1. Regarding A28, is this residue open to solvent by less than 30 Å² (accessible area, probe 1.4 Å) and not aromatic (F, W, Y)?
2. Can you tell me which of M129, M118 is open to solvent by less than 70 Å² (accessible area, probe 1.4 Å), under 18 Å from K160 (Cα atoms) and in a helix (DSSP H, G or I)?
3. Can you work out which of the residues in segment 49-69 that are open to solvent by less than 80 Å² (accessible area, probe 1.4 Å) and out of contact with any strand residue (DSSP E or B) (no Cβ under 6 Å at 6 or more places or on another chain) is modelled with the lowest pLDDT?
4. Which residue pairs have Cβ atoms under 8 Å apart, sit 6 or more places apart or on different chains, and have a first residue in segment 91-119 that is within 26 Å of S130 (Cβ to Cβ) and of a type in the set (D, E, K, R) and a second that is at pLDDT 95 or above and open to solvent by 60 Å² or more (accessible area, probe 1.4 Å)?
5. I need the full set of residues from segment 1-24 which are of a type outside the set (D, E, K, R) and under 17 Å from F89 (Cα atoms), in order please.
6. Would you mind finding the one in A223, A202 that is of a type in the set (A, V, I, L, M, F, W, C), within 22 Å of R17 (Cα to Cα), surrounded by fewer than 15 Cβ atoms within 10 Å (Cβ to Cβ) and out of contact with any strand residue (DSSP E or B) (no Cβ under 8 Å at 6 or more places or on another chain)?
7. Consider G125 carefully, then state whether it is closer than 23 Å to G2 by Cβ, among the small types (G, A, S) and modelled with pLDDT of 95 or more.
8. Checking the conditions here, which among A141, A99, A108 is among the hydrophobic types (A, V, I, L, M, F, W, C), crowded, with 20+ Cβ neighbours inside 10 Å and in a loop (DSSP other than H, G, I, E, B)?
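The values are calculated or read from the model by the stated rules, or taken from the named source; none is laboratory data. Every value quoted in this text rests on a predicted model; they were computed, and no experiment measured them. Because the Cβ atoms are built from the backbone with ideal geometry, glycine has one as well, and the counts that use them run over all protein chains shown. Surface areas here come from the heavy atoms of the whole protein model, side chains and all, with no ligands, DNA or RNA. Shrake-Rupley method; radii C 1.70, N 1.55, O 1.52, S 1.80 Å.
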Amino acid sequence: MGTNLAGKTLLITGASRGIGKAIALRAARDGANICVAAKTERRHPVLPGTIHTAVEEINAAGGQGLAVRLDVRDEASVENAVRAATDHFGALDILVNNASAITLAGTADLPVKRFDLMFQTNVRGTYLMSRACIPHLMESANPHVLNLSPPLNLNPRWFKNHVAYTMAKYGMSMCVLGMAEEFRKAGIAFNALWPRTVIATAALNVFGGQVKPEHCRTEEIMADAAHAIFLQNARQCTGHFYLDEDVLRGTGVTDFSKYSVKPGEPLMKDLFLDG
């Protein structure tokens, strides 16, 4: 369906930093339009980047950016973000459900407030964003929805230490499973993408120092994999739970050292992957 994303319009949640921003910058190099929809409007005391600094980087990379403050937990905010993107760019071709909340805690130790945050952000937010975008995606020649969520792995190992987070993250994957079938005839692709190794983002903090950046890959591997998925024919590429490395192997990549924070160091496998 083409060799680049020139002229395509993407709406990416949580794109002010990390993997979401990396996906935006990869599309921007093709000359795409990107709506950066995220909560960070003013500089955060700890986390890097805002929706406005992300747009500056997108424009500098060759794309056209639009900053929209979004709280995926709020229905009105979701509808406003989608309206802002479609009004500004005139169309919508790709939705990336990247916004996510994580707390790796057991049942007795997890505050209810954090439980609610994960389910409202990961599950409800993904569902609301997808629902709001579908009417516009119906008008696209090659519409894609990509959820940054894992394969559905029911090994109890992935539930016992953080059942709430696992359920919330799998909720995003279940959206892929169901919506891919629901909208198969309509031609909208719904897929999931997950990293084979831990990615060096601000989310490393949740591991409490147990995961060192040098044992991770950079966000660029996820950005390149997402880009490869978006170039596929939506009618022939839906309902898949992709791993970044496998996607890129399918495009001919054999050397992944460029994605390592520190080439030569052993890499740590991400959550939810057996073997």
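1. Numbers: open to solvent by less than 30 Å² (accessible area, probe 1.4 Å): yes; not aromatic (F, W, Y): yes.
Yes: the conditions hold for A28.
2. M118
3. To start, the set of residues in segment 49-69 that are open to solvent by less than 80 Å² (accessible area, probe 1.4 Å) comprises 49-51, 53-55, 57-59, 61-63, 65-68.
Adding the requirement that they be out of contact with any strand residue (DSSP E or B) (no Cβ under 6 Å at 6 or more places or on another chain) leaves 49-50, 53, 57, 61-62.
On the way: G49: 89, T50: 95, T53: 97, E57: 98, A61: 98, G62: 98.
Only one residue fits best here, namely G49.
4. Hits for this filter: D93/A141.
5. Residues of segment 1-24 that are of a type outside the set (D, E, K, R), as a first pass: 1-7, 9-16, 18-20, 22-24.
Within segment 1-24, L5, A6, G7, T9, L10, L11, I12, T13, A24 meet the criteria.
6. Details: A223 fails: surrounded by fewer than 15 Cβ atoms within 10 Å (Cβ to Cβ).
The match here is A202.
7. Working: closer than 23 Å to G2 by Cβ: no; among the small types (G, A, S): yes; modelled with pLDDT of 95 or more: yes.
When the stated conditions are applied, G125 does not pass them.
8. On the way: A141 fails: crowded, with 20+ Cβ neighbours inside 10 Å; A108 fails: crowded, with 20+ Cβ neighbours inside 10 Å.
Matching residue, one of A141, A99, A108: A99.
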